[in-house]
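Reading through the structure tokens given below for one structure.
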Amino acid sequence: MTLLAPASRARRAALPVALCVGLTAVLTACAEEPPDPDAGTNGVGKLSATEIETKARAAAAGAKAVRLSGSLVSKGGTYKLNMRLNQSGAAGSVVTRTTTFELLRIGDALYLKADADFWTSAEGDGAGQGGGEDDSGAEAADKLDDKYVKVPEDDPSYKQLRGFTEMNVLLRGLLELHGDVVKGDRSKIGGIRTIKVAGGAQGEGGTLDVSLEGTPFPLQFARGGGAGVVVLSDWNKTFPLAPPSKDETLDYGRQLPRTSD
């Protein structure tokens with residue numbers, strides 16, 4: 001029988017002990033250092049809620065263009081918007097409870113395009129001079145179908161319609177949080193990681209999703225009280241704006257209809 005030397009036996013006994021100690025150290029290190037949720041981000045998630053909101057507002061204010069889509073609920077009704085906006089104009093569509101129309105603005109020139117049903121409804125509601133849904137009104141509506149109408153600047157509807165095309169005005173109104181601002185969970189909007197900031201603990205003053213990738217643009221805003229959710233995308237992406245041709249344009253010749261429900 002071969003007897004092991006005391007030193008050899010000690011080395012063999014020490015080996016499993018060393019492995020256990022090493023494994024314990026690794027597991028302890030992993031437990032103490034969870035993955036950094038801000039790894040690979042722009043670092044905005046580490047800021048306070050107020051700082052995140054300020055960063056998002058500054059990014060939006062400095063942007064040249066954005067796409068705004070979603071719904072807004074106001075005293076005048078519910079509006080579904082799909083607008084591309086820049087500092088000098090906009091193009092897109094607005095859907096209300098009863099109507100759908102397109103808007104195109106280049107500088108101060110504002111154009112409205114809608115189908116025959118929109119104009120027939122306008123006639124029937126007595127909008128403009130004359131009113132009344134007669135043969136001439138139906139004929140006029142058919143001619144206006146899918147045509148652009150330039151909205152006169154002195155028309156009562158001009159200011160209301162233009163409000164849907166003003167980038168800075170819309171963003172200032174949409175991105176306002178009410179109440180004490182608190183930081184919420186991380187999420188994703190359109191595959192982009194975000195951090196939420198909310199007005200009030202339950203988001204009763206609105207909830208804003210701010211991008212954790214690249215520039216901290218606001219990517220989604222949920223208005224408090226279920227008053228609509230708007231997605232903001234295509235930040236700083238340019239898009240063409242050109243006035244419609246003469247063949248695409250007709251003169252309505254009277255006061256345009258209001259857009260409220």
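So that you can scan it fast, the table gives a plain yes or no per residue for (1) β-branched (Val, Ile, Thr); (2) under 24 Å from GLU213 (Cα atoms):
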{"residue": "THR78", "(1), (2)": "yes, no"}
{"residue": "MET83", "(1), (2)": "no, yes"}
{"residue": "LEU104", "(1), (2)": "no, no"}
{"residue": "LEU112", "(1), (2)": "no, no"}
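Among the residues making up region 167-192, those that are surrounded by 15 or more Cβ atoms within 10 Å (Cβ to Cβ) and under 14 Å from the mean Cα position of the chain (by Cα) are MET167, LEU170, LEU171, LEU174, LEU175, GLU176, ILE189, ILE192.
Inside region 193-212, can you point out the residues that are more than 17 Å from ARG172 (Cβ to Cβ) and surrounded by 16 or more Cβ atoms within 10 Å (Cβ to Cβ)?
Across region 193-212, the qualifying residues are ARG193, THR194, ILE195, LYS196, ALA198, GLY200, GLY203, THR207, ASP209, SER211, LEU212.
Restricting region 34-69 to residues that are assigned to a strand (DSSP E or B) and touching a helix residue (DSSP H, G or I) at 6+ places or on another chain (Cβ under 9 Å), the residue that is nearest to ASP234 (Cα to Cα) is VAL66. Residues being closer than 10 Å to GLY45 by Cα and acidic (Asp, Glu): count how many of those fall in region 178-212. Count: 1. Within region 183-235, the set of residues being assigned to a strand (DSSP E or B) and among the polar types (S, T, N, Q) comprises SER187, THR194, THR207, SER211, GLN220, SER233. Can you name the residue in region 141-173 that is among the aliphatic types (A, V, I, L, M) and without any contact (Cβ under 8 Å) to a residue 60 or more places away in the chain and, of all such residues, is nearest to SER93 (Cα to Cα)? Result: VAL169.
Identification of strands (runs of 3 or more DSSP E) wholly contained in region 82-137 with 1 or more residues that are β-branched (Val, Ile, Thr) and at pLDDT 95 or above yields 100-106.
Looking at region 62-82 only, could you name the residues that are over 15 Å from PHE217 (Cβ atoms) and among the basic types (Lys, Arg)?
LYS75, LYS80
Going through region 66-81 one residue at a time, which ones are at pLDDT 95 or above and on the phi > 0 side of the Ramachandran plot? Correct list: GLY70 only.
Filtering region 51-73 to residues that are more than 20 Å from GLU102 (Cβ to Cβ) and surrounded by fewer than 17 Cβ atoms within 10 Å (Cβ to Cβ) leaves GLU51, THR54, ALA58, ALA61, GLY62, LYS64, VAL73. Condition test on PRO218, is it within 18 Å of LEU68 (Cα to Cα) and either surrounded by 14 or more Cβ atoms within 10 Å (Cβ to Cβ) or at pLDDT below 90 (or both)? Yes.
Scanning region 82-109 for residues that are surrounded by fewer than 19 Cβ atoms within 10 Å (Cβ to Cβ), under 17 Å from VAL231 (Cβ atoms) and of a type in the set (A, V, I, L, M, F, W, C) gives a single hit, VAL95.
The values are calculated or read from the model by the stated rules, or taken from the named source; none is laboratory data. If you're wondering where the values come from, they're calculated on a predicted model, not measured in any experiment. Cβ sites come from the backbone with ideal geometry, for glycine too, and all protein chains shown count toward neighbours.
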